[in-house]
1. Tell me, what does the Kirkwood hydrodynamic radius of chain A come to in angstroms if you use every pair of distinct C-alpha atoms?
2. Hey, can you rank A:248-255, A:274-281, A:40-47 by average C-beta count inside 10 Å, highest first?
3. Quick one: what are the phi-derived ³J(HN,Hα) couplings along the stretch A:29-39, Karplus 6.51/-1.76/1.60 with θ = phi - 60°, whole Hz, x for glycine and proline?
4. Mark the label point 7 Å from the Cα of A:Glu192 along Cα→Cβ and return the residues of the stretch A:244-285 whose backbone N is within less than 14 Å of it.
5. In terms of Cα to Cα distance under 16 Å, which aspartates and glutamates are near enough to A:Lys42, apart from those fewer than 8 places away along the same chain?
6. In straight Cα distance, which aspartates and glutamates are under 13 Å from A:Lys113, not counting same-chain residues fewer than 8 positions off?
7. Which number gives the lysine pairs in the stretch A:205-254 that have C-alpha atoms under 18 Å apart and are eight or more places apart or on different chains?
8. Only four residue types carry charge here, +1 at the Cβ of Lys and Arg and -1 at the Cβ of Asp and Glu. Report the dipole size of the stretch A:207-254 about the Cα centre in Debye, rounded to the nearest 20.
Amino acid sequence: MKIQLSPSCSFSLDFTLCCGQAFRWNKQSEWWYGVVGEKVFKIRQIGDALEFENADANFIKGYFGLNDDLQKILSQIRKDNHIERTVETFKGLRILRQDPWECLISYICATYKNISGIKQMIFNLSKRFGDRVVFDGCNFYTFPPPERLVKATQKELAKCSLGYRAKYVSETAIRVHEKCLDFEHLSNVPYEKAREELLDFPGVGLKVADCVLLFSLGKLEAFPVDVWIKRVILKYYVNHFRKKFMRKISSKKSLTGSEYEKLNLFGRSYFGDYAGYAQEYLYHYERTQR
DNA sequence: CAAGTGCCTTTATC
DNA sequence: AGATAAAGGCACT
């Protein structure tokens, strides 16, 4: 199967899958292999063409955010020279529409871990509790649905190298399974409301909630603030804050809730309705400019 | 190569 | 409200 992108579409499969928003993609030669829901599929980009196997075009468009008007989004977030530079470097990077359940568990696990560690945890969970699927002669594992993780003991979860996160994953799985969380409902409700509901889940704080909202629920105004974004603000956006406040957050490692909210509100009001796109460009640029 | 540092933070407690 | 500590374990240097 093939999708021919229009020349104005602007999409980079590599930037989109390398920027750290998703943890389940691997490139083998020129094909990207991924598991989404129950399906394994592969995809590659050749110029303006996307070729893929074992998925349909509508799914691909939805998952890779190809329905977003990227030209419009990028023109709205280009507010200064620095963001301009990140956009020029990674133009074509798009926000995925990941599976909300997998995204929620992934970002609960992501606290205080680096990306390779997160990938490892999600792989371990899938291998231990998901279904094996053979595709192109290789083994893949689907991400376990809530009912599977409900049955898992915290000890078994911890063995997937989740550590102290096992408890949060287990308790969140139980609550999701008991229908305390309807992802469909969350995507239809405004950002603030959806965020509040997510914050009720164990292991979900402001940062995790914002990631789930942005990467799986289509809330493009969400602006997750992690250590990298904090660094970006301290480097390029200090003049938007009081000196005293900047000194305070630079002097310590983690942010309090109200400090988080100040940085988050800056991102959303400065970059606008597509602040989440700005966040991801800034994040990826900062991480790759070591 | 060993040891130290840091990791897309949250929660509990004071 | 705000500060502080604790919580796996792995990857990177």
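1. Every distinct Cα pair counted, the radius reaches 19.8 Å.
2. Values: A:248-255: 12.2, A:274-281: 26.2, A:40-47: 17.0.
Top to bottom by mean Cβ count within 10 Å: A:274-281, A:40-47, A:248-255.
3. Karplus values, whole Hz, x for Gly and Pro: 6, 9, 9, 8, 10, x, 10, 10, x, 8, 10.
4. A:265, A:269
5. The qualifying aspartates and glutamates are A:Asp14, A:Glu30, A:Glu51, A:Glu53, A:Asp56, A:Asp136.
6. A:Asp226
7. 18
8. In total the dipole reaches around 540 debye.
Rule-based calculations on the coordinates, nothing more; no lab input. Remember, predicted model here, so these are calculated numbers, not experimental data. Backbone-built Cβ (ideal geometry, glycine too); neighbour counts: all protein chains shown.
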